[in-house]
1. Only residues that are surrounded by 18 or more Cβ atoms within 10 Å (Cβ to Cβ) and not in a helix (DSSP H, G or I): list them for region 8-34, please.
2. Within the group G46, G60, which residue is surrounded by fewer than 17 Cβ atoms within 10 Å (Cβ to Cβ) and part of a helix (DSSP H, G or I)?
3. Quick one: is A37 open to solvent by less than 20 Å² (accessible area, probe 1.4 Å) and in contact with a Phe, Trp or Tyr (Cβ under 6 Å, 6 or more places away or on another chain)?
4. When region 96-113 is examined, which residues are found to be modelled with pLDDT of 90 or more, under 23 Å from Q21 (Cβ atoms) and either touching a Leu at 6+ places or on another chain (Cβ under 8 Å) or not in a helix (DSSP H, G or I) (or both)?
5. Given L179, L125, L133, L162, which one is out of contact with any Lys or Arg (no Cβ under 9 Å at 6 or more places or on another chain), surrounded by 21 or more Cβ atoms within 10 Å (Cβ to Cβ) and modelled with pLDDT of 85 or more?
Amino acid sequence: MTITDDIFAQLSGAPMQQISQQLGLGQTQTAGAIAAALPMLIGALGRNASQPQGAEALFGALQRDHAGGGMGLGDLLGAVLGGQQSQQTDRADMLGHIFGSRQPQAEQAIGQATGLGSDKANTLLKVLAPLVLAYLAKRFFDNRQAGAAQQSASPQVLGDLLGQERRQISQQGGLGGGLLGAVLDRDGDGD
């Protein structure tokens, strides 16, 4: 199971209902929007982690801000949706780090493709970004798989994991892969 599929599966049920209520949408439209936004978020993280300094920065952020929380995605979702203003600002900064100058294009692409519009796409990304980072921290630092347990946690291993996920997203295509390519690889060179 890919990272994207695993996160989506964990958001099914009550978490999906909470996100739907936050966005003021039906669960079917919310599920479609999440299915489009998750690959873009994870692919952008993979793109950033493909450079050594990007992998080191993400690795440090996961260790510092997201590891060892012990919360599942459902618990974390409640904290995200009930966030204070300072947390809203932190999540806006988080999106800026993930997408860089392409954040407006990412929001617009998701908004157009899913019918959410840019504002609700921004809200969705602000909800999903901390969930994705918490998932990665938990998987990487707390739940190392049998094969990964043999390797020490490092920026290189994180970059490789996210790079593999990014390639799978691009190869699978679909709405998520198409949006990822349209927003992050505008010149078609794979970077």
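The values are calculated or read from the model by the stated rules, or taken from the named source; none is laboratory data. Please read all numbers here as calculations on a predicted model, not as lab measurements. All Cβ positions, glycine included, derive from the backbone under ideal geometry; neighbour counts span all protein chains shown. Protein only, heavy atoms only, side chains kept; ligands, DNA and RNA dropped before computing areas. Shrake-Rupley method; radii C 1.70, N 1.55, O 1.52, S 1.80 Å.
1. L25
2. From the options G46, G60, the qualifying one is G60.
3. no
4. Answer for region 96-113, where residues must be modelled with pLDDT of 90 or more, under 23 Å from Q21 (Cβ atoms) and either touching a Leu at 6+ places or on another chain (Cβ under 8 Å) or not in a helix (DSSP H, G or I) (or both): E107, I110.
5. On inspection, the qualifying residue turns out to be L133.
Residue-by-condition table, conditions (1) assigned to a helix (DSSP H, G or I); (2) out of contact with any helix residue (DSSP H, G or I) (no Cβ under 6 Å at 6 or more places or on another chain); (3) modelled with pLDDT of 90 or more:
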{"residue": "D6", "(1), (2), (3)": "yes, yes, yes"}
{"residue": "M71", "(1), (2), (3)": "no, yes, no"}
{"residue": "L76", "(1), (2), (3)": "yes, no, no"}
{"residue": "Q88", "(1), (2), (3)": "yes, yes, no"}
{"residue": "M94", "(1), (2), (3)": "yes, no, no"}
